[in-house]
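Here is the structure we will look at.
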Amino acid sequence: MTNIRDLAKMAGVSVTTVSRVLNNHPYVSEEKKNAVLKAVKATRYHKNINAVHLSKGKTKLIGVVLPFTDHPYFALLLKGIAKQALEYNHKLLLFQTDYMESRETEALQMLQQKQIDGLIICSRACSMRKIEEYLPFGPIALCECVKGGEISSTYIDHYKIFMDALEFLYRKGHTKIGYCIGRKSGTNSRNRDKAYWDFHEKYHLPHHPEYIFDQCYDYEDGERVLSRVKEMDPPPSALLVTSDQVAAGIVISCNKQQISIPDELAIIGFDNEPIAGMLNITTIDIPLVEMGRNLVHQVLTKEIKNKEISATLIERGTV
């Protein structure tokens, strides 16, 4: 491949002059500029972008780790990330992990190798200890509360949200409450679970582990949850559902089976997706686009800060 030394030799100028022409430097004579451009055209020369990035220490790329790209929660988060990255003139490199540690590690290694300028982890499988090992190589931001240390985070207080929603259902007369989540192992899921058990302790209510449903991500999972609820004795009278897609599946299944909402089963969804408005589902509005924008800001400004984003209960017809 032709390099700038080859161009300099062909044009009869110095390497410095070639560099100035390629970077549109104004202080080059017209004669020398034309000689360089003629050599560029003759050799079909193109800049080695990787070399340019290496020399500047910047790639203009942000890595984004997320388990799924087709889940509405992560799609909205990614929308905010993409908008802010565009404003900063950066591109995104997506790592869809399906919660596989090996794929998450690939993203961390690219940060180590300076192939990306920073890394946003929307939901992690790796331990915090492992992530912290890569902090010397570039900024990392998480979507969970990380107090202390050198990792930035933009997060929702899932303990508080869950407790507030449970208190809301309790005030409506519900004492047999269950909940649906995607996975039990995440930090946010553990905070929700703690709120759930603390709520039962606070009001001296009996614990029902069978009221907790995991691996709930989409509409079909909502149908599965309702089938299990119908087999229970006694069943829960209300469900907190951490996805509006799953909540929609439950609502539509109830309508098909003539189960009255909210009289027989009350439902609170999460994320305030359009489908929640269409089906009149009470939900928790989480400003995911705002969260995504702030994560990019934290990575590119290298601002080590934990920012909590507020969520709002939107009361509709399912409670």
(message) Can you list residue pairs whose Cβ atoms sit under 6 Å apart, with the first residue in the range 260-287 being in contact (Cβ under 8 Å) with a residue 24 or more places away in the chain and the second being surrounded by 20 or more Cβ atoms within 10 Å (Cβ to Cβ) and aromatic (Phe, Trp, Tyr)? Count only pairs 6 or more apart in sequence or on different chains.
(response) Asp271/Tyr73; Ile284/Phe270
(request) Could you pull out the residue among Asp271, Asp218 that is outside the structural domain of Val64 (by TED's automatic domain parsing), touching a Leu at 6+ places or on another chain (Cβ under 8 Å), modelled with pLDDT under 95 and within 15 Å of Gly182 (Cα to Cα)? (result) Asp271
(message) When you check Arg228 against the structure, is it part of a helix (DSSP H, G or I) and surrounded by 15 or more Cβ atoms within 10 Å (Cβ to Cβ), yes or no?
(response) no
(request) Just need a number here: residues in the range 194-216 that are in a loop (DSSP other than H, G, I, E, B) and under 19 Å from Ile161 (Cα atoms). (result) 3
(request) Among the residues of the range 79-99, count how many are under 18 Å from Gly186 (Cβ atoms) and out of contact with any Pro (no Cβ under 9 Å at 6 or more places or on another chain). (result) 1
(request) With respect to Ala141, determine if the residue is over 30 Å from Tyr203 (Cβ atoms), crowded, with 22+ Cβ neighbours inside 10 Å and hydrophobic (A, V, I, L, M, F, W, C). (result) yes
(message) Can you tell me which residue is farthest from Asp285 (Cα to Cα) among those in the range 71-130 that are among the acidic types (Asp, Glu) and free of Cβ contacts under 8 Å to residues at least 40 places away in the same chain?
(response) Glu106
(request) Working carefully through the options Thr301, Thr242, find the one that is under 30 Å from Tyr155 (Cα atoms), at pLDDT below 95, surrounded by fewer than 19 Cβ atoms within 10 Å (Cβ to Cβ) and not aliphatic (A, V, I, L, M). (result) Thr301
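The values are calculated or read from the model by the stated rules, or taken from the named source; none is laboratory data. Because the structure is predicted, anything quoted here is derived from the model rather than measured. Virtual Cβ from ideal backbone geometry, glycine too; neighbours counted across all protein chains shown.
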